[in-house]
Amino acid sequence: MSKAQQYLSILSVLLFTLLISNTSLAMTNLNTNAPTSIAAYTGKGHWTIMQAWISSCAICNKEMPEFVKNVPRFPNTKVIGISLDGNKQRAQQFVTKHRVNFPTILTNTQEFNNYLLQAADEKLTGTPTYLIFDPRGTLVAVQQGHVPFGSIYNFITSQQ
């Protein structure tokens, strides 16, 4: 094998490694298909609650109706959904089924796990996962698994 072929072989391996380990966040707005990010929704003087879910999650399906119903009760708060389905059709079916009345970001479990590792030094261990950002856009809480609406409400109101 010539030196040029060796370099090309090494370069190919490096490029492949870079592609599969890329930590850039591939997130889109479910309604517009426009690229977005979690940071695009946080800060701006209001609290932000993000609920990450996947349509096959039993707890997510059980909690979403209560969450949707109670969204108006949050003072000075924006609510954003994060679908980890990685599939627009499945995510849209979930949103329609539960009459989700807030914006939804579409991503996948790997990209969301990358985000959690970067932002909170935590791995994704399950859904739903709740992220709470203060009015400055600082991530102040991450909770994975079942979280009663009242606990989220009490946390935010106690911080204001």
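So here's what we get for this one:
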quantity	calculated
Order of 158, 56, 83 - criterion: other Cβ atoms within 10 Å of each residue's Cβ, fewest first	158, 56, 83
Gyration tensor verdict on segment 25-159 (Cα atoms; rounded if a/c is under 1.5, prolate if a/b is larger than b/c, oblate otherwise)	rounded
Lysine pairs in segment 25-159 with Cα atoms under 28 Å, if 8 or more residues apart or on separate chains	16
Rounded if a/c under 1.5, otherwise prolate or oblate - segment 50-89, Cα gyration tensor axes	oblate
Distance histogram in 5 Å bins (all Cα pairs of segment 21-76, percent per bin)	4, 13, 18, 20, 24, 15, 4, 1, 0
Potential lengthening between residue 125 and residue 33 on full extension [0.36 nm per residue; Cα-Cα distance subtracted]	30.4 nm
Proxy reagent accessibility, fewest Cβ within 10 Å first, across 121, 85	121, 85
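Computed from the coordinates by the stated procedures, all read-outs in this text should not be read as laboratory data. The structure displayed is predicted, hence computed values, not measured ones. Glycine gets a Cβ as well: all are built from the backbone with ideal geometry, and neighbour counts include every protein chain shown.
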